[in-house]
Each structure stands twice: as C-alpha cells, then as structure tokens.
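Undergrad: Structure in structure tokens, see below.
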Amino acid sequence: MIPMFVIRRIHDDILPVNKKALRQVRLILQQQFPDLRSIDVDKIPDMLSNPLKHRFRSILYVAEDGRGQVKGFALLSYEPDLKFCFLDYISASVQLEGSGIGGVLYEWIRTEAKDLDVVGMLYECLPDDPKLCRDRTWIRQNRQRLKFYERYGARPIINTAYETPLTPDDDCPPYLVFDDLDRGRSLGIRNAQRIVRAILERKYGDRCPPGYVDMVVGSFRDDPIQLREPVYVIRPDDQPLPGRKRTGRIALVVNDRHEIHHVRERGYVESPVRISAILKELDRTDLFVRIAPKRFSQGVITEVHDKAFVKYFKKMSLALEAGVSIYPYVFPIRNIARPPEVLAVRAGYYCIDTFTPLNRNAFLAARRGVDCALTAAQALLEGYRLSYALVRPPGHHAEHRSFGGFCYFNNAAVTAHYLSRYGRIAILDIDHHHGNGQQQIFYERGDVLTVSIHGHPRFAYPYFSGFNDEQGRGDGKGFNRNYPLPETITPRRYIRTCSHALKFIAGFDPAYLIVCFGLDTAKGDPTGTWSLMARDFGEVGRLIGKTRLPLLVVQEGGYNTRSIGNNARHFFEGLYEGMFGHGNGKAKDLSGRQRRRVE
C-alpha cells in the first residue's frame, strides 16, 4: 500500500515549509545518487529562483505526507524558446522504492509538460545494453526503468552518438529518451540538434568540452529522429497509460459562524442566504477542498486596524442584547480626539455610514471571517495555488479605524499584511463599489499594490473615494490604481478594464494576488447598476487565472441570491481554466486532483 501523500510545487526556498522540503530533497538525492556531485545537489534552490542564470525554468514537485515529510520528488526544466522539457531527476525516497510514488510523479510531470505545450519531454536513462554497461545489477534496474517508460511510448533516440562516453573508462553512458506526451508529434532534425546542444551546454557545460558537444550534435542526422523499437513485451494489462489531467483544487474556507450575524430588518440585503446560495452551486463542481478555519490571535487584526476601534467594537457588540441593533446616527467629525461617552452614540465615531449596524454577534462573525481569510492564505503558503475565503460579513470598506458598507474588519487587508512578509502583494478589488478600505490602509506603503475597478464615486458608494487621481502617497506613491467606470457599461468594457488592470498588476510582479470578489456587478443586483452575466464572470475568472500567481479570493458583495451562486460557479470555473489551462473549466468534465491523495 502506498502511503497517503499530496503533491505540491516548490517555487523557491523562501518559505520555511519550502526550506524543509528542499533539505529532504537533497537527502534523497544523496541517498539515491551517491555519485552525484555535491555542487549539483546544492544548486537546486538557485535553479528555482534564477532561471536566467541557468537558462531553464526549473519546476520542482514534491510528494509529501500529512506531516510534511517528502516521499519523492521530480525536477523538470522547461525551455520556452525551443519548447521542450528536460526531466532532471525523479525519485522516491529509499524507504519507498517500488511503492508507486515514482509512477504517480511521472504521470504528474507529463501533464505539466503537456500544459506547457512543448514538443515533448526528454531525459537520460542508463542503458540496458551489456556492451554499454558492465554492471549486471544496474542492467536489471535499467531494464525495469526503460520498460516502465515504454508504457508511455517513451523510448531512447537511436542512430546518434549521444551514448558516447566522455572518457574511455566511463561506464553506463546514458541514453537520451524522448516522450512525445501522447501527441504523436515527431522531432525534426533542426529542432533536435538545437535541443541537444542546449542540454549539453547548459546542463553539462562544465564537463563536456565544446568538441564533444559538436560531435554529439552533429551525429543527429535522421529527419525526423528515430526511436528504438519497443524491446519489452507489452501485456494487455500493460498498455500505455493515459495522461491524467491536473486539476487545481481550490482550498475553500467557509465562515462557519456567519449565520449568527443575521440582521432581520427589512432592506438589509447582507443576509446569510448569500453563503448557502453560493455553496449550493460550488458543490456541483469538483474544484474545491473544504478546509476548516483556524483560530488566529487578535494581534493580526490590530496590526492593520486601530486598537481603540477594535476594543470598542468588541465591547459594544458583546454588551448588546440579542436581536438589538445600533445604527450610527451622530458623526463627531469636528473633534475626533474626544469620542462620545455614550457607547451607542460613539458608533458614529468609528463608522462611515448610517446603515451598518452594531449588534451582539457582529464582532464574533467578523472575527471569524478574518480567521477564514488567514486560513485560506496559509493554504497558499502550504502549496495550494488557489484558495477561496467564503465569508460574511464582507470587509473591503473597513478602514484602519472605521467600519461601514456592511464591513467591520478588512479581511483582504489583514491577509495582505500577513502575507507581505513573504513578498510583494497585489490586491485586485472587483466589487461594484470602491475598495476604500485597502486603499486607505496601504496608501503609504509600496509593498502592497491596491487596484480597484468600481462604479464612479459620483454615483456609487462610498462616494468619497475611488477617483482615478488617487495614486498613493510617500512610499506608496504609484502603488494605488483606481478604475472608476460609468453607471451603465457593457460587459465587454468591464472585461477590457480587467485586462488593463491585470497588466498593471503584472508590472508590479507580486508574489501573491488577493482578489476582493464582489458579485454585485451582476445584472439585477439591488446595490449595483451593471449587467454582467454568468459567462462574463467566467471570462473575468479566466483573465485573472492566466496570471498564474498564487491567488486568494476573498468574498465581498453580491446580493441577488437568485443568480449569485451561478455567477460564482462560472467565475471559479473560468479561474481554474485560466490557471491550469484545461478545457472549459467545468469541474464535472475533469478528473484528478491538484493535491492528489494516493493510498
């Protein structure tokens, strides 16, 4: 039985979880390849972070158990100009040889290579010919490997001098194996020669003299190249295995306490049914993995929000009787240094409108929403590429020391600050209303880019911010961008604006992207004026997914409960398709898991 494990990509050695995984990868290499030079083992982190130096984009996947122990790994090099992949290493740990982990990893990276639309994947394999390899033990192992690769149609390239030893004393010079990834494409001579030169010069330039490289490249004369005929008998149950599609399963964290915040006054549209309407549609897909919210300290909130505001909000909420709501009605803007003595009156001291109430459960629900957003952020740090914090109350109107617009704590801003220790962060707000909260909180910071697409403040809440000349101040100058749009626009114009915003974000080169996801841009929303349909949400999702950035979606507005779920489903199907490039993005048409569990 194969132990349970998940497969995730390692992008760099910055995160502690990645540092730990890379140490274990080095150990596996040293155990499985004792003749490998230490310099080759130690350069893997640099290969991941410095593609220009190594002239390949390196992609590392590890198979980990639930305790973060690496059970196997695969390192793939991608050359985008010549459009090929080279498999550097694939190995299970010594204790798990023969367990099947290597097979799962090989299928995984074949799918990766297919997604990159390369001509094929190449790699070296030690020979099964006794004339080339004197060690009988190695011969047996090499035959098993080549037999396995034959099941995928991958075989050694023949009629070349690639197997020529560097010195007469060298034993077991490797074959160069070609896997066409089930595409049925042949490799022409010109492309083959360029690819072989790239492999020898970039991978082995310190060992292969120029004359040797020229000799090997010149020996490729077949057009197209020829592969060895199958050597091993293929039984009916040993047919080539179909490649499995890789799906980007999305870590889904739902506020399990949102229903306690239920304001029953007529006209209060921010209701619990919003969440159930979305979940009903998401459950129709196979895109999501539910993760329980974790508890975080209140300190993560007060790093972003004013401590006095947080203290007041908690004290006032917990002091109210169940079912009683207090709405701000006095706003002491003339003397903000002296808040009113009466707690009920003091509500306006911290609020920006008259329709966002304080009640007994507002603090508890908002506090749990922050926990959910941070849990979803941690999922990115642990290897997920996509995560979704499905929360209410929303958060993007909450500023450093004020609440409003149904928002109490700014979930996206707290999460952005939390993630900023790992790199630059971009926030894209696609709610119908301006994301004034994150703009105000990060207005003087250059490590968090804030971008908002919204209705122009001359007609849309919050009315006082969101103009296009608001671009940041001090260290944040140039790191805030607003796209205010007219009251009536076509979906095409909205999608074009999204494309412009994403190009601006790409220039910032963030490590993580946070999307404040509002569904109030939809046709028929009671708080919006635009007319996006389900297909338009799908296109917006595709555009965002194509950034290929680690991405956290945080739920904001959207109040038409008849369409909110369908629109959300189309958005995430588009997001998935844009990120991973499969079909139409509908989960029911997909198989596999991004974090595949095997037993």
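Undergrad: For a quick check of your reading of the filter: which GluC sites (Glu not before Pro) in segment 259-294 sit in a DSSP loop and have no more than 15 other Cβ atoms within 10 Å?
TA: On the way: sites: Glu259, Glu265, Glu270, Glu281; in loops: Glu265, Glu270.
Those satisfying the criteria are Glu265.
Undergrad: Explain nothing, just the number: dipole magnitude of segment 532-585 about its Cα centre with +1 on each Lys and Arg Cβ and -1 on each Asp and Glu Cβ, in debye rounded to the nearest 20.
TA: Values: 6 positive and 5 negative charges, 11 e Å.
Its charge dipole is roughly 60 debye.
Undergrad: Quick check on the chain: of the DSSP beta bridges with both residues there, what percent are antiparallel, nearest 5%?
TA: On the way: 33 of 70 bridges.
Roughly 45 percent of the beta bridges in the chain run antiparallel, per DSSP.
Undergrad: If you don't mind, there's one more thing I want to ask. Return, ordered by residue number, the residues of segment 480-494 whose backbone nitrogen is under 16 Å from a label point located 7 Å along Cα→Cβ of Asp469.
TA: Residues 481-484 qualify, since their backbone N sits under 16 Å from the label point.
Undergrad: Let me check against my output: what whole-number percent is the relative contact order of the chain, with C-alpha pairs under 8 Å and at least 6 apart? Don't skip to the answer; put the middle values down first.
TA: Working: 1233 pairs, mean separation 73.0, N = 599.
12 percent.
Undergrad: Taking the simple approach of a point 7 Å from Cα along Cα-to-Cβ for both Leu364 and Lys280, what is their distance in nm?
TA: Once both label points are built, they end up 2.6 nm from each other.
Undergrad: Name the residue from Pro45, Thr561, Ser531 whose Cα lies farthest towards the positive end of the charge dipole of the chain, charges +1 on Cβ of Lys and Arg and -1 on Cβ of Asp and Glu.
TA: About the Cα centre, the residue reaching furthest to the positive side is Thr561.
Undergrad: Projected onto the charge dipole of segment 410-513 (+1 at Lys/Arg Cβ, -1 at Asp/Glu Cβ, origin at the Cα centre), which of Thr490, Gly455, Gln438 gives the Cα projection farthest towards the positive end?
TA: Of Thr490, Gly455, Gln438, it is Thr490.
Undergrad: Same structure, new question: Tell me the volume per residue, in Å³, of the convex hull enclosing the alpha carbons of segment 281-391. Don't jump to the answer; show the numbers that get you there.
TA: Details: hull volume 15.9 nm³, N = 111.
For segment 281-391, the hull spanned by Cα atoms encloses 144 Å³ per residue.
Undergrad: Quick check: from the Cα gyration tensor, does the chain come out rounded (a/c under 1.5), prolate or oblate?
TA: Details: a/c = 2.44, a/b = 2.39, b/c = 1.02.
Prolate shape, in that a/c is at least 1.5 and a/b is the bigger ratio.
Undergrad: At what distance in nm do the modelled label points of Thr561 and Asp171 sit from each other, each positioned 7 Å from its Cα along Cα→Cβ?
TA: If labels sit at Thr561 and Asp171, their model points lie 7.5 nm apart.
Undergrad: Give me the number: length gained by fully extending Asp256 to Arg151, i.e. 0.36 nm times residue separation minus the C-alpha to C-alpha distance, one decimal in nm. Show your work: numbers first, answer last.
TA: On the way: separation 105, 0.36 × 105 = 37.80 nm, distance 4.71 nm.
So the extension gain works out to 33.1 nm.
Undergrad: Starting with the highest mean, order 410-416, 86-92, 135-141, 175-181 by the number of other Cβ atoms within 10 Å, averaged over the residues of each peptide.
TA: Numbers: 410-416: 31.6, 86-92: 20.7, 135-141: 12.4, 175-181: 22.3.
Answer by packing, highest mean first, reads 410-416, 175-181, 86-92, 135-141.
Undergrad: Students often check this: by mean Cβ neighbours within 10 Å, which of 160-170, 117-127 ranks highest, and how do the rest follow?
TA: Values: 160-170: 12.2, 117-127: 19.9.
Those peptides, ordered most packed to least, come out 117-127, 160-170.
Undergrad: Got the relative contact order for segment 1-105 handy, in percent, Cα pairs under 8 Å and 6 or more residues apart?
TA: Numbers: 165 pairs, mean separation 29.8, N = 105.
Relative contact order for segment 1-105 comes out at 28 percent.
Undergrad: Is segment 148-190 best put as rounded, prolate or oblate by its Cα gyration tensor, with a ≥ b ≥ c the root eigenvalues, rounded for a/c under 1.5, and otherwise prolate when a/b is larger than b/c, oblate when not? If you can, show how the numbers build up before the last one.
TA: Values: a/c = 4.55, a/b = 1.80, b/c = 2.52.
It comes out oblate by the Cα gyration axes.
Undergrad: Classify segment 54-153 as rounded, prolate or oblate from the Cα gyration tensor: take a ≥ b ≥ c as the square roots of its eigenvalues, call it rounded if a/c is under 1.5, otherwise prolate when a/b beats b/c and oblate if not. Numbers along the way, then the final one.
TA: Working: a/c = 2.00, a/b = 1.16, b/c = 1.72.
Note, shape of segment 54-153 comes out oblate.
Undergrad: Along the charge dipole of the chain, which of Gly348, Leu381, Ser219 sits closest to the positive end, that is, farthest toward it, with unit charges on the beta carbon of Lys, Arg, Asp and Glu (+1, +1, -1, -1)?
TA: The listed residue farthest towards the positive side: Gly348.
Undergrad: Take the residue pairs Lys53/Lys131; Lys83/Lys546; Lys20/Lys503; Lys294/Lys523 and return only those whose Cα atoms are more than 26 Å apart. Each step should come with its number before you reach the end.
TA: On the way: Lys53/Lys131 37 Å; Lys83/Lys546 19 Å; Lys20/Lys503 34 Å; Lys294/Lys523 35 Å.
Check vs 26 Å cut-off fails for Lys53/Lys131; Lys20/Lys503; Lys294/Lys523.
Undergrad: Based on the mean of other Cβ atoms within 10 Å per residue, sort peptides 206-217, 298-309 so the most packed one is first. Write down the numbers at each step before the final one.
TA: Working: 206-217: 13.6, 298-309: 16.9.
Ranking the peptides 206-217, 298-309 by packing returns 298-309, 206-217.
Undergrad: Under 4.7 Å Cβ to Cβ, no partner at all: give me those cysteines from the chain, in residue order.
TA: Cys85, Cys125, Cys208, Cys351, Cys372, Cys407, Cys498, Cys516, each lacking another Cys Cβ under 4.7 Å.
Undergrad: Under a Cβ-only charge scheme (Lys and Arg +1, Asp and Glu -1), can you give me the dipole magnitude of the chain about the Cα centre, in debye to the nearest 20?
TA: Numbers: 86 positive and 69 negative charges, 223 e Å.
For this selection, approximately 1060 debye.
Undergrad: How far is helix 16-32 tilted off the main Cα axis of the chain, in degrees rounded to 10, range 0 to 90?
TA: Between helix and principal axis, roughly 10 degrees.
Any read-out appearing in this document is the output of simple, stated calculations on the displayed coordinates, not a laboratory observation. Please read these numbers as outputs of a predicted model, since none were measured by experiment. Glycine also receives a Cβ, built like all others from the backbone with ideal geometry; neighbour counts cover every protein chain displayed.
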